[in-house]
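Q: If you scroll down you'll find the structure; I have some questions about it.
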Ligand code: ADP
């Protein structure tokens, strides 16, 4: 029987589930926020994901609900579960990707290594945290941040005055030690409802201005120990919070080879786009398999190296589409993925994957092909 998977959110992550859904024979349906979104091709409904009746009506015609983003409110999710709808990941797991303070508390309970952190309610509490942590800190709004928005390096308690004044009674900001990391890594795992977990190789991610710019898979120079520690953290979190579907764990590597968890995403993630062309099972296919409770696919790389470079922004003038033929002609070895989004400075509008035996060659080609769009 054909499984009907409903995706809430019509962004590029939903879009990139379409091709694997067709291959697996899954009937993919998308609740998009607007007309003309990235996942338009599979959009069967348009509406507000915060509105229970809209989401309920969408859920009525599917077997499983999953997500393109983490913003569906808890009360909506819990009402669906109460209706008997299969929701993957479920609200109990998803809360740890929705609220960074809730995540920090849970990771502490699970004994997962993470930066030192505290909940701060005002400038005095932040100042005390800064004084205890070498004169600097990173402050984060617990909810709603993405791509570096809602993250700020501070040196004084008053540096986050605007955010404190927006807090409701009883709310707090997350303060973290300013980690001096050598690089950022990401570990992905997939988990089925029954508990089966598979892990991808740990990758290196490069951020620019808080936005993921490039990913190298596997992480260059990663020792077996490092890879095992990262995988162990991914598995422990997936099991500890009972996630279903893809889980991405963003990590900091420090110069003494310690690994600390930055944050979690419970859906396909930018750090896993490489797997579309570089792994036996791409993350979008794997997410569908996991949420539909189908056997999981193998995760190993198909090539020594895969490099993913995001296309951020787009042509200053003219249409992005006009650039495709040129990029394809000049870089036939590059796999180009487009999101059907209008270019804006810094906006993720596509990415390029290049696989190969030589890392420098793959980096060069992926960067050159992505730059062809700008
Ligand atoms: P977002 O939810 O917007 O992706 P993150 O919490 O991942 O925000 O932070 C964005 C970036 O800010 C990280 O990729 C990292 O480069 C930097 N960063 C975040 N937390 C810290 C920290 N505690 N110490 C140093 N840098 C940090």
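Bear in mind that the values in this text are calculations on the coordinates, not laboratory data. Bear in mind the structure is a predicted one, so any value in this text is a computation, not a measurement. All Cβ positions, glycine included, derive from the backbone under ideal geometry; neighbour counts span all protein chains shown.
Q: Among DSSP beta bridges lying fully in the chain, give the percent that are antiparallel, nearest 5.
A: 80 percent
Q: Could you give the distance between the Cα centres of region 231-267 and region 353-368, to the whole Å?
A: 27 Å
Q: What do the square roots of 5 times the Cα gyration tensor eigenvalues come to for region 203-343, in whole Å, largest first, as semi-axes of the equivalent ellipsoid?
A: 29, 19, 15
Q: If packing is taken as the average number of other Cβ atoms within 10 Å across a peptide's residues, how do 258-267, 99-108 rank, most packed first?
A: Ranked from most to least packed, the peptides come out as 258-267, 99-108.
Q: Here's a follow-up. Can you give the three extents of the C-alpha atoms in the chain along their principal axes, from longest to shortest, in whole Å?
A: Taking the Cα atoms of the chain, the three principal extents are 56, 52, 45 Å.
Q: For region 31-157, what value does the Rg/Rh ratio take when both radii are computed over Cα atoms and Rh is the Kirkwood radius, given to two decimals?
A: Result: Rg/Rh = 1.09.
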